[in-house]
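Remarks on the structure that follows.
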Amino acid sequence: MKKNVSFFACFLLLCGCAHAGVVVGGTRIIYDGDKKESSISIENPDASPYLIQSWIEDEAGNHQTGYFVITPPLFRLDGKQKNTIRIIQTNAPLTAIRESLFWLNIKAIPAADPSGSANTLQLAINTRIKLIYRPGALKGIAPDSVSNRLEWSRAENSLTVFNPTPYYINFNSLYAGGNPVEKVTYVAPLASAHFTLPQGARSNLIEWKVISDYGAIGAVHKASF
């Protein structure tokens, strides 16, 4: 086993590694249900071109084409150039009483090395960001402003949070009794999420920060269970 590891390490040192330098113009997309489309910019700061492939998945990670159309879904992005991906809602209805979560995938595939060198390792990098559909009736209210309504409870080493709001609450950090809770993600609207309590978290004090629509980190919220 050690010989295999050493060989692989030497192989990587001998190879050049070309990795995607494509920059996506945001960490999430909030799709306003009152608008016909949303968009996000893609920039290639490198000299070499990339092939950009985009698709949408549902919350569970299943590929779907029923609710949105991406244009263009596949295109060449030359060096030092920018382009825009447009996301257009189809006629398939989405619930109007709460937000819906999807995932936008943007894969940057590097162009083949024109020199034909065999010692070049090229990697296709996939960027996956949240696409949150917000019905028109819910616009004008930031999720961070209602995250103090979250309801917390504890059962042995499990921490449960119930979200009574129609918004996705995306956590930046979560502390229980002053100890950080690991693998914190988000809680869906009108649903619960469960996290494992850290060892030694005996206090009933909960502190958390939420990520805003623009990717910024909000103020500290506190509650007890």
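Observations on the model:
- Residue within the stretch 151-172 that is acidic (D, E), exposed (fewer than 14 other Cβ atoms within 10 Å of the Cβ) and at positive phi present: yes
- Residue in the stretch 56-71 that is in contact (Cβ under 8 Å) with a residue 24 or more places away in the chain and over 23 Å from F102 (Cβ atoms) present: no
- Those strands (runs of 3 or more DSSP E) lying entirely in the stretch 1-114 with at least 3 residues in contact with a Lys or Arg (Cβ under 8 Å, 6 or more places away or on another chain) and either more than 30 Å from N163 (Cβ to Cβ) or modelled with pLDDT of 95 or more (or both): 28-32, 37-44, 50-58, 100-110
The values are calculated or read from the model by the stated rules, or taken from the named source; none is laboratory data. In this text, all values refer to a predicted model and were calculated from it rather than measured experimentally. Note: ideal-geometry Cβ built from the backbone for every residue, glycine included; neighbour counts use all protein chains shown.
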